[in-house]
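Accompanying notes for the structure given below.
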Amino acid sequence: MTLTSSLNREAACAQNWDAIVIGAGPAGAVAARQLAQQKLRTLLIERKTFPRYKVCGCCLNQRAINALNQIGLGQLLESAGAVPLNQFRMQYHGREAVVSLPGGLAISREVFDTRLVQSAMEAGAEFLQDTTATIIDSAEKRTSRTVDLSYQGQIAGSATAKIILAADGLGHPSLQNCPGFDMQVAPDSRIGVGAAFKLKNLTSYPAGMIHMAIHRSGYVGLVRVEEESLNLAAAIDRDFIKECAGPAAAVLQILRESGSPVLPEMTDGSFKGTLPVTRRTLRPVGDRLFVLGDAAGYLEPFTGEGMANAITEAMAVAQLVPEGLRHWDSALEQKWLSAHYSLTEGRLFWCRWLARLLRSPTAIGWGLRLFHRFPGMARPIVARLNH
Ligand SMILES: Cc1cc2nc3c(=O)[nH]c(=O)nc-3n(C[C@H](O)[C@H](O)[C@H](O)COP(=O)(O)OP(=O)(O)OC[C@H]3O[C@@H](n4cnc5c(N)ncnc54)[C@H](O)[C@@H]3O)c2cc1C
């Protein structure tokens, strides 16, 4: 399933858009769809060619599914072949605990993100891929903002819009020329590592189960997605990656030490990495500019909050854009800061707590023993993270 742009760069530069959305992950694609549904002239720009691989655990929690249902996109998951999740297996030093999950679906990001972009286009958004957007900074009081569009490292033109949404993921590269959007990166932040495998014999990793191999230096999550594929995503300490001489070796070491099966395909698989993941933009708003999804901030993948945050933030920002088109002021910026805080930062207590706990070998050992004997004890934690 491939996607083609709905217009070329020249056409994108020829009009003044109501909104330009940068990045076609869940945050950008859902925001573009919600804006187009309100009949706003919306351009969604993506630097990669879709479908594209993205390092991710590919698990949608119940909160993400509820949000998609709320905006009428629940059907998309079913028709794309998303796999229902019902169990969560944790392994650490040969010990294991299995707890039941109150909901969730696994779907590859190639399929999920492509379907979301298709839904944005069906709603009337224009889509321009293979194009890197860079927001231009200017001290003047503005009625619109400009974005440089590049193709293969060369600037191909500039597009303007009354409002820009930066949904370009970790590190928000589109804001590199705009002062005031520096990200605070946690000194002990882990790095994301991922790979996908098409395997014939997948009995060691059954469908419907999230398998988590835990190690003092990180964790590796494995889950079956649609079409008999196995998705692997890990968050690993940078020092451990250096110690193992690379991300692939670090992943295999974690799998082996935890007692998880290492399949032959994994030893010569091609692994991709991310920037350090635990980071946040101190003020994810600027003049005629909203920052959302991972571009605004991200904690750790283990808690599965990433896509739920991206989708709910996209829904919230789409409600503020019409007001910003009528009149942009500091009160509107404050509204976005409050919405962002309550949707993400305000929910982070449990995620932070769990992320800290998972860095202590003693806590992991005791937690696993406890959950193995009394699986019901994990239920409130799982439920809290899932909703
Ligand atoms: C190891 C790991 C495991 C994870 N597991 C899960 C999980 O199981 N469940 C979950 O919910 N979340 C998980 N996450 C988090 C999840 O992947 C992110 O939170 C989610 O993708 C954020 O969506 P987004 O739309 O904000 O950004 P992204 O999905 O990163 O999308 C940003 C898009 O912007 C594009 N882009 C970047 N720069 C530009 C530019 N200058 N111009 C144009 N386009 C640009 C990129 O190509 C990309 O397509 C995981 C993350 C990691 C690292």
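In summary, the helical segments of the chain meeting the span-like criteria, namely a full DSSP H run, a Cα extent along the axis of 15 angstrom or more and a mean Kyte-Doolittle hydropathy of at least 0.0, are 26-37, 247-258, 306-326, 361-373. Pairs from the table (Lys48/Lys162; Lys198/Lys272; Lys162/Lys335; Lys54/Lys198; Lys39/Lys162) lying more than 22 angstrom apart at Cα are Lys48/Lys162. For region 208-244 versus region 1-29, the spacing of their alpha-carbon centroids is 33 Å.
Ranked for footprinting exposure by Cβ neighbours inside 10 Å, fewest first, Glu313, Glu257 give Glu257, Glu313. In percent, rounded to a whole number, the relative contact order of the chain is 23, using alpha-carbon pairs under 8 Å and six or more apart. Rg and Dmax of region 47-203, both derived from C-alpha coordinates alone, stand at 19.8, 61 Å. Taking other C-beta atoms within 10 Å as the exposure proxy, Ile164, Ile107 rank Ile107, Ile164 from fewest upward.
With θ taken as phi - 60° and the Karplus curve 6.51 cos²θ - 1.76 cosθ + 1.60 applied, the whole-hertz 3J(HN,Hα) list for region 235-246 is 10, 9, 4, 5, 5, 5, 4, 5, 4, 8, 6, x Hz, x standing for glycine and proline. Exposure proxy ranking for Ile71, Ile22, Ile191, Ile236, based on other Cβ atoms within 10 angstrom of each Cβ and starting from the fewest, stands as Ile71, Ile191, Ile236, Ile22. Counted over the chain, the DSSP beta bridges are approximately 70% antiparallel.
Local charge sum around Met209 (other residues, Cβ-Cβ under 11 Å, Lys/Arg +1, Asp/Glu -1)? Surrounding charge for Met209 is +2. Annotation: peptides 206-217, 111-122, 285-296, ranked by per-residue average of other Cβ atoms within 10 Å with the highest first, follow the order 285-296, 111-122, 206-217. Restricting the calculation to alpha carbons of the chain gives Rg and Dmax of 20.8, 64 angstrom.
Coordinate-derived values only; no laboratory data. None of these values were measured; they are calculated from a predicted model. Positions of Cβ are backbone-derived with ideal geometry, glycine not excepted, and every protein chain shown enters the neighbour counts.
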